[in-house]
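Report on one structure; see the data block that follows.
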Amino acid sequence: MSRQTREELSGGMLQWLKGFCLTARTGSLSGAARELGCRQPAISYQIRQLEAELGVRLFRKKGSVLQLTEAGRTVLEKADDIFGMLRELRHELAPEGEPVGGEVTVVTTLAVALYYLPPRLEVFTRRFPMVRMRIEVRGFGAMCEQIMNGSADCAILSGASLPRGVQAEELFEAGLVLVAPRDHEPRLSASPALEELADVPFVALAGDGTVTPHLAPALEARDIRLNVAHVADNVVLAKALVTRGLGVGVMDDFVVSPEDAVHVYSLSAYCPARRFRLITRRRRMPSRQAAAFMDFLREGRNGAE
């Protein structure tokens, strides 16, 4: 494609970039059109104009999905920086005392979404009633991708390995606990030793990032093999199976409460607490509402919530 030779930018470039970014994030022209409330041909036109302006192909088609070319990935990263600077400018020029509003997108695990966030969102939305929260449950890879492509403002997750281009700060720690049914078998001793896990049915989490690698070293050191009786693909189902007496399980301490029909035993003697972190993209200026939400979480981390 031939690049425009003139130095000045076309007047519609920001709108073209917006259509391009939404197409990249939704993977389709129709998805971008829905987000912008326009017709699909309008998005096609914006992308054609942007490609002509830059002299590169931005997408290649794989089946029904549009995939970014190498040039497209570069443009997406730069476009996010451009929109970030515009958000920063609007933030700086906003009249003092103007209410904070808009949408904040948070990607996280099911456990964090169900048990950690709701009480905090209750307080946050009282403080910022004009902010609309979008909470999306994703796997680790998808969370990192959404942070990098700008479709999420922040992520809350655990795990040490993060891609380049993101930054992390400690948010909270969660200890692992052993949960056993309160009103059914199997029953454990008052202070169960880890060895007891070999003798009772165990409810495991699929793709288990809770037990492994955090508890696995302690099990291996004692040559303990779990008697896996059932596998659940989320913590809600795992806790329900334990409550019904189908086994015992291991999960983060913040997912259980006194109202749950389970006995809870700390595993702090056997494995370290898991660290959950607030993840954002480097050099990306957050919107006013995203900045307000993240500052609120930091206040809670520091005991000022």
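The values are calculated or read from the model by the stated rules, or taken from the named source; none is laboratory data. Given the structure is predicted, the values throughout are model-derived calculations rather than measurements. Neighbour counts run over all protein chains shown; Cβ positions are idealised from the backbone, glycine included.
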If I filter the range 290-300 for residues that are modelled with pLDDT under 90 and under 15 Å from Cys154 (Cβ atoms), do I get at least one hit? yes
Candidates Leu297, Leu246, filtered to the one that is touching a residue at least 24 places away in the same chain (Cβ under 8 Å) and either more than 23 Å from Glu169 (Cα to Cα) or in contact with a Cys (Cβ under 6 Å, 6 or more places away or on another chain) (or both): Leu246
Residue check for Ala168: among the small types (Gly, Ala, Ser), out of contact with any Gly (no Cβ under 7 Å at 6 or more places or on another chain) and farther than 21 Å from Leu22 by Cβ: yes
Looking at the range 180-192, I want the residues that are in contact (Cβ under 8 Å) with a residue 40 or more places away in the chain and have a partner that is in a loop (DSSP other than H, G, I, E, B) and not polar (S, T, N, Q) with Cβ atoms under 6 Å, at least 6 apart or on another chain. Which pairs are those? Ala180/Leu188; Pro181/Gly245; Arg182/Ala261; Asp183/Ala261; His184/Gly245; Glu185/Gly245; Pro186/Val200
Residue list for the range 255-291, filter: hydroxyl-bearing (Ser, Thr, Tyr) and touching a Ser or Thr at 6+ places or on another chain (Cβ under 8 Å): Tyr265
Check every one of the strands (runs of 3 or more DSSP E) wholly within the range 92-209 and list those with 3 or more residues that are at positive phi and either surrounded by fewer than 17 Cβ atoms within 10 Å (Cβ to Cβ) or of a type in the set (D, E, K, R) (or both). none
So which residues in the range 222-264 are touching a Phe, Trp or Tyr at 6+ places or on another chain (Cβ under 9 Å) and over 21 Å from Leu194 (Cβ atoms), if there are any at all? Phe254, Ser257
Look through the range 47-62, keep the residues that are surrounded by fewer than 18 Cβ atoms within 10 Å (Cβ to Cβ) and hydrophobic (A, V, I, L, M, F, W, C), and return whichever of them is modelled with the highest pLDDT. Val56
Regarding the range 257-277, can at least one residue be identified that is modelled with pLDDT of 90 or more, over 20 Å from Gly175 (Cβ atoms) and in contact with a Cys (Cβ under 8 Å, 6 or more places away or on another chain)? no
Out of Leu29, Leu36, Leu17, sole residue that is surrounded by 14 or more Cβ atoms within 10 Å (Cβ to Cβ), at pLDDT below 90 and closer than 21 Å to Asn149 by Cα: Leu36
